[in-house]
Amino acid sequence: MELKKINPNLKQALIENGLTEANELQAETFSTIKSGADAVIQSAEASGKTTTIVLNIIQKLEKAADESTRALILVQDKDKVIEMATLFRKLGNYTDLRVFGVHEKGDTDFDKNHISLGLDILIGTPEKINMLFSTAGFNLNTIKIFVVDDADKLFKSRMDAVVQRLSMSIEKTQRLFFTSDITEKVEILAEKIMIEPFWFEMDDEE
């Protein structure tokens, strides 16, 4: 996959998984995400948003470091947690990045213990993430990139208040919303928690 200054190991993993060319979404957003800027990224269903999230986080973090979580990704449900964690392991197979997923059906004590042992990337549903961080006292200020996937669906399910609360617990981070539609709730929350965000709207056929 040809993206400007992409990590060679990540590029090799992408090729091995059949991702030899960047689509419009990946090509248009790569430099902005890499720069650390906040962004709202709208693209149709099945347009590669999950892959875009995964490759950009691997690019930014590169390797395991410290004990505290550096990337936090909020997703809709257990299936999405599993899907994204699996993709991280495929595309990050040339890194030692530590990835862990949590959801409502998981064992809370196990999840807390695993997080406390140290990891780089945490994927989870908003309610489970909120519960874990509020009850276990984990430090959110180590989060370098805060991603909300399917933001329109999560906010429709009234998760916007939880997302805002989590975001406010992080002093300084890059905030990214990925969404199929830019709804009023997406716009409102972006204005509340982001700093001069870039807005990307891809054509439906992409």
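Bear in mind these aren't lab numbers, they're just calculated from the coordinates by the rules spelled out. As the structure is a computational prediction, the values presented were derived from the model and not from experiment. When we count neighbours, we look across all protein chains shown, and the Cβ atoms used for this are built from the backbone with ideal geometry, even at glycine.
Short-range pairs are left out: with C-alpha atoms under 8 Å and at least six residues apart, the relative contact order of the chain is 30 percent. The residue list I41, I182, N17 was ranked by how far each Cα lies along the charge dipole of the chain toward its positive end, using unit charges on Cβ atoms, and N17 comes out on top. Packing, as the average of other Cβ atoms within 10 Å across residues, places the peptides 14-22, 75-83 in the order 75-83, 14-22, highest first. With just the Cα atoms defining each centre, how far is the stretch 28-87 from the stretch 108-126? Give it in Å. Their Cα centres are 17 Å away from one another. The overall shape of the stretch 66-144 is oblate: from the C-alpha gyration tensor, with semi-axes ordered a ≥ b ≥ c, the ratio a/c is 1.5 or greater and a/b is no larger than b/c.
At 222 nm, what helix-only mean residue ellipticity would the chain give, in deg cm²/dmol to the nearest 500, using -39500 (n - 2.57) for each DSSP H run of four or more?
Details: 9 runs with 94 residues, N = 206.
Using -39500 (n - 2.57) per qualifying helix, the result is -13500 deg cm²/dmol.
Between the amide H of E62 and any residue lying 5 or more places away or on another chain, no distance stays under 5 Å, with hydrogens modeled in the peptide plane. Among 179-185, 122-128, the peptide with the highest mean count of other Cβ atoms within 10 Å heads the list, and the full ranking is 122-128, 179-185.
Do the alpha carbons of any pairs in K80/K153; K60/K90; K4/K60; K90/K112; K90/K144; K60/K144 sit beyond 19 Å of each other, and which pairs? Could the numbers behind the result be given before it?
Numbers: K80/K153 13 Å; K60/K90 17 Å; K4/K60 13 Å; K90/K112 25 Å; K90/K144 22 Å; K60/K144 9 Å.
K90/K112; K90/K144, as the Cα separations exceed 19 Å there.
Projecting the Cα atoms of M168, F138, L119 onto the charge dipole of the stretch 115-206 (Cβ charges, centred on the Cα centre) puts F138 farthest toward the positive pole. Here the residues M194, M159, ranked from fewest to most Cβ neighbours within 10 Å of their Cβ, fall in the order M194, M159. Computed from point charges on the beta carbon alone (+1 for Lys and Arg, -1 for Asp and Glu), the dipole magnitude for the stretch 1-157 about its Cα centre is near 300 Debye.
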